[in-house]
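Remarks on the structure that follows.
The values are calculated or read from the model by the stated rules, or taken from the named source; none is laboratory data. Small disclaimer: the values here were computed from a predicted structure and weren't measured. Using ideal geometry, Cβ is built from the backbone for each residue, glycine included, and neighbour counts are taken over all protein chains shown.
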Amino acid sequence: MSSSYSSSENWKQPTPQTVVQVAQKCLRLQNGLNIETLHDDPKQVRCFFENLSLWDKYNGFKAERLGYVFNKRQMMNEILVAVSYCNDKTRQDDANKWAFEAYSCFAVGPIGNWTNLFITNAYKKVLKDKGL
């Protein structure tokens, strides 16, 4: 599958701090949490997931990594099928459009909700750690 995960890779699950830094960089979230913009801008989608090593321009989204990030290992087969299907269905030369269309394809289901929760929970943890 194009979205496989190899345990020999040096990928590590992103920390909440990393998620917040990437979200601020890619989603322009400087003044509060408005993750709705993720659904509007192809460049932001690609930037966010690529900077977390959850997407690359050669293979698309990395379904197994998404399963680990969202702590949904028990649903790994469903995630692999949905993400692989969307990667293949939307594949194109324009990497921004491909990332956006693939994300839009699988985000209509629970993965979209998990993405929003993932970002929101990262923000909450960082704010809690700062005592805010």
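Tabulated data
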| quantity | calculated |
| --- | --- |
| Count of residues meeting criterion [modelled with pLDDT of 60 or more and not hydroxyl-bearing (Ser, Thr, Tyr)] in the range 30-54 | 15 |
| Criterion (modelled with pLDDT of 95 or more and not charged (D, E, K, R)) met by exactly one of 92, 74 | 92 |
| Within the range 60-96, considering residues that are touching a Cys at 6+ places or on another chain (Cβ under 7 Å) and surrounded by 15 or more Cβ atoms within 10 Å (Cβ to Cβ), the one nearest to residue 116 (Cα to Cα) | 86 |
| The range 53-73 residues that are closer than 20 Å to residue 15 by Cβ and in contact (Cβ under 8 Å) with a residue 24 or more places away in the chain, paired with ones that are aliphatic (A, V, I, L, M) and not in a helix (DSSP H, G or I) (beta carbon under 9 Å, 6 or more apart) | 62/54; 64/1; 65/52; 65/54; 66/54; 69/52; 69/54 |
| Any hit, the range 43-52, residues being loosely packed, with under 15 Cβ neighbours inside 10 Å, on the phi < 0 side of the Ramachandran plot and touching a residue at least 12 places away in the same chain (Cβ under 8 Å) | yes |
| Filter pass, residue 57 being farther than 17 Å from residue 122 by Cα, at pLDDT 90 or above, of a type in the set (Lys, Arg) and surrounded by fewer than 17 Cβ atoms within 10 Å (Cβ to Cβ) | yes |
